[in-house]
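The structure appears below as structure tokens.
The values are calculated or read from the model by the stated rules, or taken from the named source; none is laboratory data. In this text the structure is predicted, and so the values were computed from the model without any measurement. Note: ideal-geometry Cβ built from the backbone for every residue, glycine included; neighbour counts use all protein chains shown. Side chains are part of the model used for accessible areas, which takes the heavy atoms of the whole protein and leaves out ligands, DNA and RNA. Shrake-Rupley method; radii C 1.70, N 1.55, O 1.52, S 1.80 Å.
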Amino acid sequence: MAEVTSYRVFISAVSNELKSYREALAAHLRTQEIEVRDQNHFRQSGKTLLEAISDYIENCDAVICLIGDQCGDLPSAEHMAAVGENASAAQFREHAGVDDISLTQWEFILARSRGKKIFSYFTVADFKADAASEETDAEQTLQASYREWVKQTGANRDKLETVEQLLVDVSALDFPTVIKAKPNNLPLSSIGDLFKGRSQFLKDLHSKLNHGEQNATAITTDADLIKPQTLHGLGGIGKTRAAIEYAWRYLDHYSALLFVPAQSPEILKTSLAELSEVLPLGDISSGSDEQRIAAVLQWLAANENWLLILDNVDAELTVSTVKNLLPQLSKGNVVITSRIAQWGSSVNALDLGVLELEDAAEYLLEATQGYRDVSDNDQQFAEQVAEKVGRLALGLEHAAAWITAQATDISGYLKAWDASEADILNAFDKGQIDYPHELLVTWTLSVEQLDNDAKALLNMLSWLSPDPLPDTLFSDDENEKGCFKRSAAL
């Protein structure tokens, strides 16, 4: 049997009649690491329900159709028009003699038109439905015509008698073995050789977390228990990047790489709950945050040798929340990035300093290579820029982006800095800024390159959380409530 890293199955069934059968089948398939969806997983947003189902079927590997005597809900003509016409839909309409097609009937039609593997199971005369039909005579006639038409198409089919027999029949299908990739929600890929001057730091971190190469799960004495590790330092010094680079460098050492933003207790709670979508917990998306967090913590308690990064734990209230959480995280490694150095005896601390001048200059030269004008004094200019930005990783990243976007030489950035530094620093109340003042300059120089529309968008988004935003948040209709008016640039 073939081995794959993912396999997607859509289960088509009328909920009123076949919900318990569908749920039992879904649970059975998920024990084999198969991703399972049905129409109840989709909610209307920018697309109709039928469009969302169509998109999923387009990218799935197989469709299992549980076909009974009830046809289910009928989509509107507008919703049907949104997915367009196809030959299978036309054939069914001609066979049935009507234009109506129910949602579950559309699911078979969409799968057939896309050439998907379809496995159909037809209820028999003495089948026990979940609930009796309340459908009209016309709807029952439509479903009877659909059953007949599906059989005529030659689709694979079998009898649907009991849940137990359904699971046996599906188990006999030639589905591939799913070899799941390790859970990983790291938000950034590695920057490879551009990660300068931290190799020894990562080795030290690994040693502190794992007592050399000893696995944390092999530790048996209280004196040798692995403690969480904080990476602390100034804002912009590169704590998050260091934690992520550590995770990628020691990828093979861990069973899961988990990243949890933790700027506040509320964000920490939401981020922990969202790990339920990363870990192999089955479908618990409908559960409350508390239920999802409980499932995540249960997984962490039952599995070993994972890495959990708690990022940006800078607020005192969040520190207290994290300290209360730590006793439940005993079977893996925990890395905390924080500006706070004092965590008490329960947490080890590792100070992340600024980059050495040579490493900072080397980063700037390599990050802009091929995008900047070259001069004989680039090494000297790069060192000057590195000093001006305080040898902070974030400042260097800002500078490299500015030079790349402007396609100028490094001295051009020095000139822009010298011309603007005093005005920029005077424009801010530095007592209200948590980051080093050098970053005020690098940030402002970058923002000044934006056009007016981009600045307006940035100002608007700065009031929102850093979570991804759906495009449907922006509207072309200025009278539509709850949306931002889309500018011409968007």
Meets criteria (under 30 Å from GLU23 (Cβ atoms) and at pLDDT 90 or above) for LYS269: yes
Looking at the structure I just gave you, is LEU258 more than 18 Å from LYS208 (Cβ to Cβ), open to solvent by 50 Å² or more (accessible area, probe 1.4 Å) and not in a helix (DSSP H, G or I)? no
Out of (1) open to solvent by less than 80 Å² (accessible area, probe 1.4 Å); (2) without any contact (Cβ under 8 Å) to a residue 24 or more places away in the chain, what's the single condition that is false for ASP423? (1)
Is it fair to say GLN214 is under 30 Å from VAL389 (Cβ atoms), open to solvent by 30 Å² or more (accessible area, probe 1.4 Å) and either at pLDDT below 90 or not in a strand (DSSP E or B) (or both)? no
Just to be sure I understand the filter: pairs with C-beta atoms under 7 Å, separated by 6 or more residues or on different chains, first member in region 162-189 and among the charged types (D, E, K, R), second member part of a helix (DSSP H, G or I) and at pLDDT below 95. Which pairs pass? none
Restricting to region 374-414, count the residues that are charged (D, E, K, R), in contact with a helix residue (DSSP H, G or I) (Cβ under 8 Å, 6 or more places away or on another chain) and surrounded by fewer than 18 Cβ atoms within 10 Å (Cβ to Cβ). 1
Which of the residues belonging to region 157-173 are surrounded by fewer than 12 Cβ atoms within 10 Å (Cβ to Cβ) and either touching a strand residue (DSSP E or B) at 6+ places or on another chain (Cβ under 6 Å) or in a helix (DSSP H, G or I) (or both)? GLU164, VAL168, SER171
Looking at region 217-242, which of the residues that are at pLDDT below 50 and among the charged types (D, E, K, R) is least open to solvent (accessible area, probe 1.4 Å)? ASP224
Hits in region 174-202 (condition: touching a strand residue (DSSP E or B) at 6+ places or on another chain (Cβ under 7 Å) and of a type in the set (A, V, I, L, M)): VAL178, ILE179, LEU186
Enumeration of residues in region 106-142 that are more than 26 Å from GLY84 (Cα to Cα) and of a type in the set (A, V, I, L, M): VAL124, ALA125, ALA129, ALA131, ALA132
